[in-house]
Amino acid sequence: MPESSDAAPGRTDAVQVQLARLRRKFGLALPAKVSAIDSAFAPILQGPWSEEAANAAYRPIHSLAGSSGTYGFPEISALARSIEALIKESLDSRAILPDPQSARVADLMARIRELAAEAARRESA
């Protein structure tokens with residue numbers, strides 16, 4: 001038997017409430033996530049090149065790129081995807097990033113830090 005039309009809106013509202021909670025939790029955690037990524041990047045930006053260090057930097061930025069988009073932070077996701085591509089270049093070339101790419105990573109991470117701080121402030125209000 002089909003459900004009544006008024007049952008679906010109630011479930012939809014509950015899902016929206018849960019999604020809002022998850023988004024808030026994610027937004028509040030963004031500064032800590034970004035700080036951990038910053039720490040992972042130091043070895044690959046300063047050299048010498050290490051596959052282990054490059055992979056350790058790649059995994060969290062890849063995760064941030066995907067999860068940020070999922071939780072409604074598309075600008076962070078796009079910036080993280082740009083960094084992810086640069087780290088992938090390091091992995092593919094098996095070399096530290098040249099100065100221009102390292103500077104680009106630093107610039108992109110600075111913007112991500114700003115956006116993460118803004119998101120945490122907004123979600124805590």
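Read-outs: derived from the displayed coordinates by stated rules, not from any lab. What you see is a predicted model; the values in this text were computed from it and never measured. Positions of Cβ are backbone-derived with ideal geometry, glycine not excepted, and every protein chain shown enters the neighbour counts.
Tabulated data
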read-out	value
Per-selection metrics, the chain (Cα): Rg and Dmax in Å	18.4, 66
Computed E for SER35/ARG94 - FRET, C-beta separation, R0 35 angstrom, nearest 0.05	0.80
Full-extension gain in nm, SER124 to ALA14, via 0.36 nm per residue minus C-alpha separation	37.5 nm
The stretch 17-87: Cα Rg divided by the 2.2 N^0.38 Å rule of thumb	1.18
Under-5 Å amide H pairs with TRP49, H placed in peptide plane, nonlocal only	ILE96
